[in-house]
Amino acid sequence: MSPTLRDGRLWLALTLPLLVIAGSILRAEFHLVQADVFHFEVAGYDPRDLLRGHYLRFSLTLDRAVAGHDGLAACDPAQGEACCHCLLGSPESAPPLLTLTTCEIPEATCDGVARYGELAALDRFYVPEAHALEAEALLGEARQRDPGAALLAVALSQNGEAQIVDLIVDGMPLLEQLGAERFDAPREP
């Protein structure tokens, strides 16, 4: 085999993984730029899961429902229907009101749309190991003082995909309060 052909394959083998990683980063950043950010109340705080890394685990308060808003068609995910949450309320303000409906929603009806299950899947926030205990204490104390003191900022794309932007505690991003740099969480196995 000629040295140039071998060098070409080696070059391809080295650059292809880098291109895939760069593409996934660009896709995530594009999602954040194009998406509206909504704040959801954090409930059900649970200390970090020691077996899975340094995560603050929680659930979101999604029970702020409005039934039959503007004649939206009802939807039942238990029947196997493709459902979406219609979010009512301006982004980056108080937690939005939600109504469960079919995903064929007129654009002007909702301020945001999330596919059913996308919001419930947002249940943890990565914290660098050096700040994990302090982060747990800040979140726990804030939730004891005021259940609405902890909000999860979530970017919702036009097609209903949800992505965590930040965890806001007492009106300030958690990592900023800790003096920690923003790190992306390790990928799931």
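Every read-out reported here was derived from the displayed coordinates using simple, explicitly stated rules and does not represent laboratory data. Only a predicted model underlies this, so the values are computations on that prediction, with no experimental measurement involved. Heads up, the Cβs are rebuilt from the backbone with ideal geometry, glycines too, and the neighbour counts pull from every protein chain shown.
Here are some notes:
- Tensor-based shape of the stretch 74-172 (alpha-carbon gyration tensor, a/c under 1.5 rounded, otherwise prolate or oblate): prolate
- Computed E for ALA43/ILE164 - FRET, C-beta separation, R0 22 angstrom, nearest 0.05: 0.90
- Gain in span if fully extended, ALA73 to LEU18, counting 0.36 nm per residue against the direct Cα distance: 15.3 nm
- Simple spin-label estimate for ILE25 and ALA130 in nanometres, 7 Å along Cα-Cβ: 2.1
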